[in-house]
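Take a look at the structure below.
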Amino acid sequence: MQEAINLDPSILEGVCVLNLICIDDIDLINKRREWEIALFNLINECYEKECFLLLSGSINKLEAIPDLVSRIKKMETLRLEAINDDELLEATKAISKNLNIEISDKNMNYLINNSKRDIKTIFRTLSQLEKESLERKKSIGLNLIKEFIQNSQSHNQNNKQLHIYLAQIR
């Protein structure tokens, strides 16, 4: 939605002929009445045509027309919470094991606490750290991790966003 929000809402017209429609960041349509009406109409069309509609965003941030909010709340909802520290540590250990990377718990904790807190970033970081350690013929130590984090600028400790995913099922 970040890119589409600057376009005309009429781009949603007729897309219900598709089997699946996915729209992210629906909360960006806040107080944009034309977009709210277009999304409301799309939801109604999807009900009629029985197409799948997957929306993501925070319904709590959505201050839209009441009919739209009501329609969205009637859809099946799946709430995804940010991964907690213990889960992230376990996932990081599993990724390390699968990649055959030996990294101390101390260094793993440093990596987790000083990088973006998502599995994709952790996996990419571990893979790149492994490559870098092989090229340098050094083990993955604290200095290499610090250097990598500084160079990649993936330092974001507070990335605990909550998203609600809504899906309309036939």
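The sum of -39500 (n - 2.57) across all DSSP H runs of n ≥ 4, divided by the residue count of the chain, sets its helix-only mean residue ellipticity at 222 nm to -15000 deg cm²/dmol.
Mean separation of Cα pairs under 8 Å and 6 or more residues apart, divided by the residue count, gives the range 16-111 a relative contact order of 29 percent.
Amide hydrogen proximity for Lys116: with H placed 1.01 Å from N in the peptide plane, the residues at 5 or more positions away or on another chain lying under 5 Å are Asn156. Its Cα gyration tensor gives the chain an equivalent ellipsoid. The semi-axes, each the square root of 5 times an eigenvalue, are 42, 15, 15 Å from largest down. Per residue, the range 72-147 exposes 66 Å² of accessible surface when a 1.4 Å probe is rolled over the protein heavy atoms with every protein chain present.
What is the calculated FRET efficiency for Ser139 to Lys61, with r their C-beta to C-beta distance and R₀ = 35 Å, to the nearest 0.05? Between Ser139 and Lys61 the formula returns 0.20.
In this view, the solvent-accessible surface of Leu111, computed with a 1.4 Å probe and all protein chains in place, comes to about 0 Å². Taking a straight Cα-Cα cut-off under 19 Å and skipping sequence neighbours fewer than 8 places away in the same chain, the lysines within cross-link reach of Lys93 are Lys106, Lys116, Lys120, Lys131, Lys146.
The values are calculated or read from the model by the stated rules, or taken from the named source; none is laboratory data. Note that this is a predicted model, so its numbers are computed, not measured. Methodologically, a virtual Cβ is constructed for each residue, glycine included, from the backbone with ideal geometry; neighbour enumeration extends over all protein chains shown. Surface areas here come from the heavy atoms of the whole protein model, side chains and all, with no ligands, DNA or RNA. Shrake-Rupley method; radii C 1.70, N 1.55, O 1.52, S 1.80 Å.
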